[in-house]
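Let me begin by presenting the structure, written as structure tokens, before commenting on it.
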2 protein chains.
Amino acid sequence: MELKTKVHAEEGKQELIVTREFDLPLELLFRAYTEPEIVEEWMGTKVLKLENKKHGSWQFETTDPMGNKHGFSGAIHDFVPEARIVRTFEMENTGFGVQLEFLEFEKLTEDTSKLRMHILYKTLEERAQYLKIGMARGMGQAHNRLEKVAIKFKK
Amino acid sequence: MELKTKVHAEEGKQELIVTREFDLPLELLFRAYTEPEIVEEWMGTKVLKLENKKHGSWQFETTDPMGNKHGFSGAIHDFVPEARIVRTFEMENTGFGVQLEFLEFEKLTEDTSKLRMHILYKTLEERAQYLKIGMARGMGQAHNRLEKVAIKFKK
């Protein structure tokens, strides 16, 4: 099955461009990234902290089937509601590095919207590592869940 | 005069590697990046905010000869005393983008130390813009001031 989430990895560049169109109004897509209740459901993580503001920060935690906890966290550089989030991202204690993510949210129609992520990696090797662990497929599947879950939160 | 601060811009990569050895103990070099009083003197900026911690943030402001104020700010992803700072950096309202900076501080001898900055840019063009406005020379001169200024704060 073709994944609706496109991951573009240009040869030789330490970045990824991820794009995805959602059958969701912009408002719902943005809330899926910023309301802890929705984030927890589609990402399957516990939201320990999510300060949705410029110079805020965030911290998530997942528990694997063996009961081990895995942390994800970062700082928020910029936050513009329904338009843009610039944040750092790190999988803690994994040896993976820190990355910088630009998330851009765009309205397409009343019922559809688009996410564009521009992710910078410290090295080409780090980008390759992420692709190797199946990041593209994992993100596509997570976005599918997002789409299904978020619609339940329509006001 | 050769600049002691080396700026390495590898062809085709959206990053810069900046290295500089200082005739300063590691402790003083690190304080020059984290104590507002010292930062203000060598950078010539006003420190509005400098939260030296993981998930903190920072905000500086300079006033040019015409009296115009220029802001610089970012979020702090990671902070390890006398070893490492990972932070975002943006010159506000300039059209320049957000960058991610890895600062590594290293002791060489009792009286000398080294700073290595690895800076990621969103695009090759943004990196080119920074080089064009004389970033390499400007940083080298600023580091010369740092070296002169910081020694006065020796405890």
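Some values worked out for this structure:
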quantity	calculated
Residues of segment B:114-155 that turn out to be out of contact with any strand residue (DSSP E or B) (no Cβ under 6 Å at 6 or more places or on another chain) and not in a helix (DSSP H, G or I), as a count	6
Hits in segment A:82-118 (condition: under 16 Å from B:Phe102 (Cβ atoms) and among the aliphatic types (A, V, I, L, M))	A:Val98, A:Leu100
So B:Phe96, is it under 16 Å from the mean Cα position of the chain (by Cα) and not acidic (Asp, Glu)	no
Test: residue in segment A:123-134 that is open to solvent by 40 Å² or more (accessible area, probe 1.4 Å), farther than 28 Å from B:Lys13 by Cα, free of Cβ contacts under 8 Å to residues at least 24 places away in the same chain and within 14 Å of another protein chain (Cβ to nearest Cβ)	no
In segment B:104-113, the residues that are surrounded by fewer than 19 Cβ atoms within 10 Å (Cβ to Cβ) and in contact with a strand residue (DSSP E or B) (Cβ under 8 Å, 6 or more places away or on another chain)	B:Glu104, B:Glu106, B:Lys107, B:Leu108, B:Thr112
Looking only at segment A:99-113, and only at residues there that are assigned to a strand (DSSP E or B) and among the aliphatic types (A, V, I, L, M), the one that is nearest to the chain's Cα centre (by Cα)	A:Leu103
Scan of segment B:10-20 for residues that are away from chain A (no Cβ under 14 Å) and surrounded by fewer than 18 Cβ atoms within 10 Å (Cβ to Cβ), ordered by number	B:Thr19
Test: residue in segment A:15-26 that is within 30 Å of B:Glu51 (Cβ to Cβ) and of a type in the set (Val, Ile, Thr)	no
Single unsatisfied condition, A:Phe102 versus (1) within 19 Å of A:Thr34 (Cβ to Cβ); (2) more than 8 Å from every other protein chain (Cβ to nearest Cβ); (3) among the aromatic types (Phe, Trp, Tyr)	(2)
Residue within segment A:47-67 that is within 14 Å of chain B (Cβ to nearest Cβ) and within 17 Å of A:Gly138 (Cβ to Cβ) present	yes
Failed item, numbered, when A:Asp78 is tested on (1) touching a Lys or Arg at 6+ places or on another chain (Cβ under 6 Å); (2) within 25 Å of A:Gly134 (Cβ to Cβ); (3) not hydrophobic (A, V, I, L, M, F, W, C)	(2)
Selection within segment B:60-72 - within 15 Å of the chain's Cα centre (by Cα) and open to solvent by 60 Å² or more (accessible area, probe 1.4 Å)	none
Filter result (of a type in the set (Lys, Arg) and at the interface with another protein chain (Cβ under 10 Å from one of its Cβ atoms)) within segment B:68-99	B:Arg87
Candidates A:Arg116, A:Arg137, A:Arg145 - the one that is open to solvent by 40 Å² or more (accessible area, probe 1.4 Å) and under 17 Å from A:Phe89 (Cβ atoms)	A:Arg116
Residue that is farthest from A:Val149 (Cα to Cα) [pool: residues in segment A:35-44 that are buried (at least 17 other Cβ atoms within 10 Å of the Cβ) and in contact (Cβ under 8 Å) with a residue 40 or more places away in the chain]	A:Glu35
Segment B:74-100, residues that are in contact (Cβ under 8 Å) with a residue 24 or more places away in the chain and open to solvent by less than 20 Å² (accessible area, probe 1.4 Å)	B:Gly74, B:Ile76, B:Ile85, B:Gly97, B:Val98, B:Gln99
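The values are calculated or read from the model by the stated rules, or taken from the named source; none is laboratory data. Keep in mind that what you see is a predicted model, and the values were worked out from it rather than measured. When we count neighbours, we look across all protein chains shown, and the Cβ atoms used for this are built from the backbone with ideal geometry, even at glycine. Each accessible area value is taken on the protein alone, full model and side chains, heavy atoms only, with ligands, DNA and RNA left out. Shrake-Rupley method; radii C 1.70, N 1.55, O 1.52, S 1.80 Å.
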